[in-house]
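Some notes on the structure that comes next.
Throughout, read-outs are computed from the coordinates displayed, never taken from laboratory work. Model, not experiment: these values are computed from the prediction. Here the Cβ is made from the backbone with ideal geometry for all residues, glycine too, and neighbour counts use every protein chain on show.
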Amino acid sequence: MFALRAVQAFFGDALLLEYGSAANPRYTLVDGGPAETFERHLSHVLRQLKSNGHDLDLAILSHVDTDHVTGLLDFVAALRAGAADLPAMGALWHNSFASTIDVNGTLTPRLQSMLAAVGAQTMATSAIAINGIPEGHQLRTHALALPVPLNPGFANGLITAETAGAPWQSDNLELVVVGPTQANLDELRTKWEEWIAKQEDAINSGHPYVMANSDTSVPNLSSIQLLARADGKTMLLTGDGRSDHLLQGLDQAGLLDNAGRLHVDLLKLPHHGSDRNVTKTFFRRITADTYVASADGKNDNPDLATLIWIVESARDADRKIRIVCTNSTDSTEKLVDDYDPDEYGYDLEIRQDGRHDVRVVLA
């Protein structure tokens, strides 16, 4: 058995991997979505698992953006409060800001000073990545208090392509870490330092609302990116990672063929289908039978350009594909209107109203 359940996470990600066998299913949770995801959707899915006598082998936070970490934090906080109707977790994978970017401990105090300088009102509208850092710290604190093993088996407790060693295995599932690479983190550390210096200069020059418009400029953390394999099927789980970083990690792991390509059964679109994280060339090199978009139209995700690149690349290669979305959006409706599914050879599936998730079965 091998399936992906994309939980209704609005503009974020909450993904449940199902594997093992029908008689003995196993589960891993990847991300928890933004605020209200746990209360309205994820908790129902997890309580169903527990009522059937199942726990989680593993929970993974791809990165600390609030649209990935908040629901997971709510889940772990409920476990810590003694909720007996929720599944336990065998381990947690989570790269903290301190272990990935602020390795010398110099950036966090500067961020705190910046947030104090611009005030609470501006801080509330500041970049998602900034807001996610304390939530990530709280998640780590709750996990250690439960206690849940944190990043077991990874050198120095940091999850990268280099520290992963052999693939993680549970029953028939194998997880290969393909990102971030150490080179990704080194590059992002430099960008964070540059971004913080720029914001400090703006604040010192008397522009107290500089951070209110920082969403497009703050460099995001590099997501944990995974190739999941079970029963001869593959899923590529990309978090909010950039496609060029993903290609570098796949190449470093020896997973690309001689032409620099890879075909998987399922590709979870990077960054909710944002066209800022992918290119048409990426969809020609990394192909799939099923493409999954977890988005609700916020920030135009999934972008129409991304969907067009997918269907055009598939048609050019004469491949029949399926696109599965957690929500109907303007872009999915526009795609169907302008790119006839019969002509372009794709099926579009949207999570049914009233359901907490949409399930894609591979094996």
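For the chain, what are the DSSP H helices with axial Cα length of 15 Å or more and mean Kyte-Doolittle hydropathy of at least -1.0? Before the final figure, lay out each step's value.
Values: long enough: 66-80 (21 Å, 0.65); 107-118 (17 Å, 0.83); 128-145 (26 Å, 0.11); 182-204 (33 Å, -1.21); 304-316 (18 Å, 0.81).
Qualifying helices, which must be both long enough and hydrophobic enough, are 66-80, 107-118, 128-145, 304-316.
For a quick size check, give me the Cα extents of the range 249-329 along its three principal axes, largest first, whole Å.
So the extents along the principal axes, rounded to whole Å, are 37, 27, 18.
Efficiency by 1/(1 + (r/R0)^6): what FRET value for ALA22 and GLN182, r their Cβ-Cβ distance, R0 = 41 Å, to the nearest 0.05?
Details: r = 40 Å, r/R0 = 0.98.
Once the sixth-power term is evaluated, E becomes 0.55.
Could you check the spin-label model distance between ASP244 and GLU39? Points 7 Å from the Cα along Cα→Cβ, value in nm.
Using points 7 Å along Cα→Cβ, the separation is 4.1 nm.
Taking a cut-off of 18 Å between Cα atoms, list the aspartates and glutamates near LYS334, but don't count ones fewer than 8 places away on the same chain.
Straight-line reach from LYS334, under 18 Å: ASP275, ASP296, ASP300, ASP303, GLU312, ASP342, GLU343, ASP347, GLU349.
Could you give the length gained by full extension between ASP337 and ASN156, i.e. 0.36 nm per residue of separation minus their alpha carbon distance, to one decimal place? Let's see the in-between values first.
Working: separation 181, 0.36 × 181 = 65.16 nm, distance 5.09 nm.
Between ASP337 and ASN156, full extension yields 60.1 nm more.
To check you understand DSSP bridge types, tell me what percent of the beta bridges within the chain (both residues inside) are antiparallel, rounded to 5. Write down the numbers at each step before the final one.
On the way: 29 of 54 bridges.
Around 55 percent of the beta bridges assigned by DSSP in the chain are antiparallel ones.
Could you check the simple spin-label distance between ALA88 and LYS320, using points 7 Å along Cα→Cβ, in nm with one decimal?
Between ALA88 and LYS320, the label points sit 4.6 nm apart.
Percent relative contact order of the range 225-278, based on C-alpha pairs within less than 8 angstrom and at least six residues apart? Show your work: numbers first, answer last.
Values: 67 pairs, mean separation 22.9, N = 54.
Rounded, it is 42 percent for the range 225-278.
Would you order VAL178, VAL358 from fewest to most other beta-carbon atoms within 10 Å of each residue's own beta-carbon?
VAL358, VAL178
Over the chain, what is the relative contact order in percent, taking alpha-carbon pairs closer than 8 angstrom and at least six residues apart?
Working: 765 pairs, mean separation 61.9, N = 363.
So the answer I get is 17 percent.
Can you give the net charge of the other residues whose Cβ lies under 11 Å from the Cβ of HIS142, counting K and R as +1 and D and E as -1? Kindly include the intermediate steps, with their values, before the conclusion.
Values: positive: ARG80, ARG140; negative: ASP74, GLU135.
Result for the neighbourhood of HIS142: 0.
In a shell of Cβ-Cβ distance under 12 Å around SER21, excluding SER21 itself, what net charge do Lys and Arg (+1) and Asp and Glu (-1) give?
Numbers: positive: ARG26; negative: GLU18, ASP171, ASP231.
Charge balance in the 12 Å sphere: -2.
For every other residue with a beta carbon closer than 14 angstrom to the beta carbon of GLN48, add +1 if it is Lys or Arg and -1 if Asp or Glu, then tell me the sum.
+1
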